[in-house]
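Here's the structure we're looking at; comments come further down.
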Amino acid sequence: MSDTRTRAGDAPGRAMTRAAASVFLGQKTLPRHGTVKAFEGDFRTALAALMPRVEELAAGLPDDDACAKAGLAALAEARQRLGAQEAPGLKGEFMRVKQLAVSVVSLCDHVDLLSGLGTYLLCDERNKPEPCPPPLTATSCPGRHGAP
């Protein structure tokens, strides 16, 4: 993920950042401490790039816009997770960094959605992309926030 540090704000960079966070979230076993710390650094860098973008996009929408409100709520949650103290033990740190990864995926989705590259299940009126063609499913369709 290190090569996406300065590109988390652009679409290809977000895709790579989202993929790295998804890989981390999919870990079935505890990675080594150094690996957890490396991912943490990358996630912090990605969040630093994504957070101002979400704020910027949300600011350009009406105050009562549901998508903007959801993006700002995800932003507040990401800030809270960034402020979390280091957890005791490898398992504790792994769980804390997993929460950062969740925020990375969430903010990547919100940037896509607020910029019109995807659709919220609740905000279909503004963004009506073509349905995913076969063999894609709702879970593999990029930009489908909230898909199972």
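One line per residue, one yes/no per condition, for (1) at pLDDT 90 or above; (2) open to solvent by 70 Å² or more (accessible area, probe 1.4 Å); (3) in contact with a helix residue (DSSP H, G or I) (Cβ under 8 Å, 6 or more places away or on another chain):
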site: P12; (1), (2), (3): no, yes, no
site: R18; (1), (2), (3): yes, no, yes
site: L25; (1), (2), (3): yes, no, yes
site: G41; (1), (2), (3): yes, no, no
site: A68; (1), (2), (3): yes, no, yes
site: L72; (1), (2), (3): yes, yes, yes
site: A78; (1), (2), (3): yes, no, yes
site: A84; (1), (2), (3): yes, no, yes
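The conditions of being open to solvent by less than 30 Å² (accessible area, probe 1.4 Å) and touching a residue at least 12 places away in the same chain (Cβ under 8 Å) are met by L113. Does L75 satisfy the criteria of being under 16 Å from V104 (Cβ atoms) and among the aliphatic types (A, V, I, L, M)? Answer is yes for this residue.
Looking at A59, A73, A19, A101, just one residue is in contact (Cβ under 8 Å) with a residue 24 or more places away in the chain and within 26 Å of G116 (Cβ to Cβ), and that residue is A101.
The values are calculated or read from the model by the stated rules, or taken from the named source; none is laboratory data. No experiment lies behind these values; they were computed from the predicted model shown. Virtual Cβ from ideal backbone geometry, glycine too; neighbours counted across all protein chains shown. SASA here: full protein model, heavy atoms, side chains in, ligands and nucleic acids out. Shrake-Rupley method; radii C 1.70, N 1.55, O 1.52, S 1.80 Å.
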